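**Q** Just dropping this structure here.
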Amino acid sequence: MTEELGEVFRREAGRCITTVVRVLGDIDLAEEAVAEAFAIAVERWPRTGFPPNPGGWITTTARNRAIDRLRRTSVGDERHLAAQRLHINDMESDHDPELDGLDDLVDVVADDQLRLMFLCAHPALNVDAQTALILRLLGGLETGEIARAFVVPEATMAQRIVRAKRKLHDNHAPYRIPRPAELPDRLHVVLVAIYLIYTEGHTATSGATLSRFDLSTEAIRLGRTLVELMPDEAEAAGLLALMLLTESRRSARVAFDGTMVRLGEQNRRLWKSDLISEGQELVRASLRRNRPSSFQIQAAIAAVHSDATSGEVTDWSQIVALYDQLYELRPNAVVALNRAVAVAELRGPSEGLMAISQIDVVALDNYQPFHATRADLLARCGRREEAITAYDRAIELTSNAVEREFLIRQKAAAVEEPQA
Amino acid sequence: MAQYLLSVWHDDTYEVDFSTPDAQRMVAQVGAFNEELQKAGAWVFATGLRPATSATVVRSSGGDVSMTDGPFAETKEQMGGFWMIEAADLDAALEWAGRASAACEGPVEVRPAQG
């Protein structure tokens, strides 16, 4: 029962908070109320069993509790009066929280989740604050869990969340779905925040293990929710596809001894075929709309990789073409670097190095993958001394123990057997 | 409705020469923007400010009033002017700020008023 309760909490917390935020117009109040409702559930459900709609029960109970508390403690505040007005109809009817308000909840819950997503990923917040708020409010994660996931002290994370909520509150940030004209920009901010949560889980920037399962799983869950809520947004489908296709390779990325395995050397039988087919189907569907954008193209690149039975038979010309397309949309140094990697696979390491030499190196000097990629290509060209210098810089820049170990072994290999 | 301060920031050495075509274009843009604010009922107050070097800081403590020459904060960036506007919410204020920034050709800081 306790485990099931935990699962219900994880699954429903975000949805419950979204609705209660709309009713109360206040994030903090909503959070407290939902926590209170869960406390009641923990005490009651082991005796009575689960109600037919646990999420609805929690939402309605939370809302009623919050409104009761407001009635006791405040008079005259406009917001509180509004909350009471919204509640009046429910109070006149049957006050059983399992029944009351469930019907009208079904319709609004989806919109509430979207509203909260756009609020959490408001462009007036920095991306650290956005991801923290999303995980706290939509993911229902504890502040301590989020802090551990991002490897920051709990007090820092708590302050980040409080500050973000306060900024939204002080600024009268609206709780609404952006208008069609604003939607592409605003949606992109939401997607970037979710992707950041995913990549943080996929490659922990520091710490002893390469993957932190919870963050990636949570990001995929959020991505799924978003695609359900906005089925017409190809870019949302693109992000979900990208995450699923990347996720499909998770167990192949780390060897039994905990070391990292590069894409080309991964045992492709370990790739999860269900995630691949789901991801590929999303890519196909979103590309049919013929409005390619950055997440879709990245997903298409991942889909090409997952088509190949081995690194050698990968369709690298297709991948280079997709990177060319991506670079047109997002002409930045990281995209250029990834394109250079594909060029090296297609036309050989010296062509790859040539492509790298055309990138603005200053922008990438503190970017570990830049030095690791250069080192690898230099070693493959037999330019041993330069390769070792580049490995040293890459090792110096990585804070992830697994990645560091991988780079140290690569460097050792370059020292021992120079390739012609 | 809520009120927001939209402030314009310049390098502390910035000084406008209003005879130049660049400055006149900006003045015309800001004038048109101000009219839009007034038409929309969003206008509360707005003005450009003389350079920060013209500022004086006054402190009163225990009946003693002291003055220092220059702006309060000795920073590289100083406020060059501001609008006080009324908007339904943050998004509306940010939209006005985007147009303000285009009009005055510089970054605009949005800060909500108390209350």
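The values are calculated or read from the model by the stated rules, or taken from the named source; none is laboratory data. Note that the structure is a prediction, hence the values are computed from the model and not measured. FYI the Cβ positions are ideal-geometry reconstructions off the backbone, even for glycines, and counts take in every protein chain you see.
Residues checked against (1) in contact with a His (Cβ under 8 Å, 6 or more places away or on another chain); (2) closer than 23 Å to A:His122 by Cβ; (3) of a type in the set (S, T, N, Q):
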| position | (1), (2), (3) |
| --- | --- |
| B:Ser61 | no, no, yes |
| B:Phe72 | no, no, no |
| B:Gln78 | yes, no, yes |
| B:Trp83 | no, yes, no |
| B:Asp89 | yes, yes, no |
| B:Cys104 | no, no, no |
| B:Pro107 | no, yes, no |
| B:Gly115 | no, yes, no |
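**Q** Pick from region B:82-105 the residues that are of a type in the set (D, E, K, R) and outside any helix (DSSP H, G or I): which of them is farthest from the other protein chains (Cβ to nearest Cβ)?
**A** Step one: list which residues in region B:82-105 are of a type in the set (D, E, K, R), which gives B:86, B:89, B:91, B:95, B:99, B:105.
Subsequent filtering for residues that are outside any helix (DSSP H, G or I) retains B:86, B:89, B:105.
Working: B:Glu86: 11, B:Asp89: 4, B:Glu105: 21 Å.
Here the residue is B:Glu105.
**Q** For region A:151-194, what are the residues that are more than 14 Å from chain B (Cβ to nearest Cβ), over 25 Å from A:Ala299 (Cα atoms) and not charged (D, E, K, R)?
**A** If the condition is that a residue be more than 14 Å from chain B (Cβ to nearest Cβ), over 25 Å from A:Ala299 (Cα atoms) and not charged (D, E, K, R), then A:Val151, A:Val152, A:Pro153, A:Ala155, A:Thr156, A:Met157, A:Ala158, A:Gln159, A:Ile161, A:Val162 are the ones that fit.
**Q** Kindly evaluate A:Leu240 against the criterion of being outside any loop (DSSP other than H, G, I, E, B), in contact (Cβ under 8 Å) with a residue 40 or more places away in the chain, out of contact with any Asp or Glu (no Cβ under 8 Å at 6 or more places or on another chain) and within 14 Å of A:Val283 (Cα to Cα). So that I can check it myself, show each step before the final result.
**A** Values: outside any loop (DSSP other than H, G, I, E, B): yes; in contact (Cβ under 8 Å) with a residue 40 or more places away in the chain: yes; out of contact with any Asp or Glu (no Cβ under 8 Å at 6 or more places or on another chain): yes; within 14 Å of A:Val283 (Cα to Cα): yes.
Considered against the rule, which asks whether it is outside any loop (DSSP other than H, G, I, E, B), in contact (Cβ under 8 Å) with a residue 40 or more places away in the chain, out of contact with any Asp or Glu (no Cβ under 8 Å at 6 or more places or on another chain) and within 14 Å of A:Val283 (Cα to Cα), A:Leu240 comes out as yes.
**Q** Has region A:28-51 got any residue that is aliphatic (A, V, I, L, M), over 19 Å from A:Leu5 (Cβ atoms) and either surrounded by fewer than 17 Cβ atoms within 10 Å (Cβ to Cβ) or without any contact (Cβ under 8 Å) to a residue 60 or more places away in the chain (or both)? Quick ask: steps written out before the conclusion?
**A** Kept after step one, since they are aliphatic (A, V, I, L, M), are these residues of region A:28-51: A:29-30, A:33-35, A:37, A:39-42.
Still in the list and also over 19 Å from A:Leu5 (Cβ atoms): A:29-30.
With either surrounded by fewer than 17 Cβ atoms within 10 Å (Cβ to Cβ) or without any contact (Cβ under 8 Å) to a residue 60 or more places away in the chain (or both) added as a condition, the list becomes A:29-30.
Yes: one or more hits.
**Q** Among the residues of region B:56-94, which ones are of a type in the set (A, V, I, L, M) and under 27 Å from A:Asp170 (Cβ atoms)? Give the steps one after another, and end with the answer.
**A** Step one: filter region B:56-94 for residues of a type in the set (A, V, I, L, M), giving B:57-58, B:65, B:67, B:73, B:79, B:84-85, B:87-88, B:90, B:92-94.
Hits for region B:56-94 are B:Val57, B:Ala73, B:Met79, B:Met84, B:Ile85, B:Ala87, B:Ala88, B:Leu90, B:Ala92, B:Ala93, B:Leu94.
**Q** Working only within region B:74-98, note down all residues that are touching a residue at least 60 places away in the same chain (Cβ under 8 Å), over 18 Å from B:Asn34 (Cα atoms) and not aliphatic (A, V, I, L, M).
**A** B:Thr75, B:Lys76, B:Glu77, B:Gln78, B:Asp89
**Q** Of the residues that sit in region A:361-420 and are among the acidic types (Asp, Glu) and touching a strand residue (DSSP E or B) at 6+ places or on another chain (Cβ under 9 Å), which one is nearest to A:Asn332 (Cα to Cα)?
**A** Taking region A:361-420 and keeping what is among the acidic types (Asp, Glu), we get A:365, A:376, A:385-386, A:392, A:396, A:403, A:405, A:416-417.
From what's left, touching a strand residue (DSSP E or B) at 6+ places or on another chain (Cβ under 9 Å): A:403, A:405.
Values: A:Glu403: 24, A:Glu405: 29 Å.
Filtering first and then ranking leaves A:Glu403.
**Q** Return the only residue of B:Leu6, B:Leu49 being touching a strand residue (DSSP E or B) at 6+ places or on another chain (Cβ under 7 Å), surrounded by 15 or more Cβ atoms within 10 Å (Cβ to Cβ), within 18 Å of B:Pro107 (Cβ to Cβ) and away from every other protein chain (no Cβ under 14 Å).
**A** Numbers: B:Leu6 fails: away from every other protein chain (no Cβ under 14 Å).
Checking each option against the conditions leaves just B:Leu49.
**Q** Hey, another quick one. What number goes with the only condition from (1) away from chain A (no Cβ under 14 Å); (2) surrounded by 13 or more Cβ atoms within 10 Å (Cβ to Cβ); (3) free of Cβ contacts under 8 Å to residues at least 40 places away in the same chain; (4) not charged (D, E, K, R) that B:Gln38 does not pass?
**A** Just one mismatch for B:Gln38, condition (2).
**Q** Shifting gears a bit: Which one of these does B:Gln78 not meet: (1) surrounded by fewer than 16 Cβ atoms within 10 Å (Cβ to Cβ); (2) under 12 Å from the mean Cα position of the chain (by Cα); (3) more than 14 Å from chain A (Cβ to nearest Cβ)?
**A** It fails just one condition, (1).
**Q** Taking only pairs six or more apart or across chains, which ones have beta-carbon atoms under 7 Å, a first residue in region A:139-156 that is closer than 16 Å to A:Ala35 by Cα, and a second residue that is basic (Lys, Arg) and at pLDDT below 85?
**A** Listed pairs, sorted by first residue: A:Gly140/A:Arg10.
**Q** Taking into account only those residues within region A:253-263 that are surrounded by 13 or more Cβ atoms within 10 Å (Cβ to Cβ) and in contact (Cβ under 8 Å) with a residue 12 or more places away in the chain, which is farthest from the chain's Cα centre (by Cα)? Break it down into steps so the answer makes sense when it comes.
**A** First, pick out the residues of region A:253-263 that are surrounded by 13 or more Cβ atoms within 10 Å (Cβ to Cβ): A:253-255, A:259-261, A:263.
After this cut, where a residue has to be in contact (Cβ under 8 Å) with a residue 12 or more places away in the chain as well, the list is A:253-254, A:259-260, A:263.
Values: A:Arg253: 19, A:Val254: 21, A:Thr259: 24, A:Met260: 22, A:Leu263: 21 Å.
Per the stated criteria, the residue is A:Thr259.
**Q** How many residues does region A:348-374 hold that are within 20 Å of A:Met260 (Cβ to Cβ) and either modelled with pLDDT of 95 or more or not in a helix (DSSP H, G or I) (or both)?
**A** Number satisfying all stated conditions: 1.
**Q** Scan A:Arg253, A:Arg249 and give me the residue that is at pLDDT below 85 and within 21 Å of A:Val341 (Cα to Cα).
**A** On the way: A:Arg249 fails: at pLDDT below 85.
Exactly one residue qualifies, and that residue is A:Arg253.
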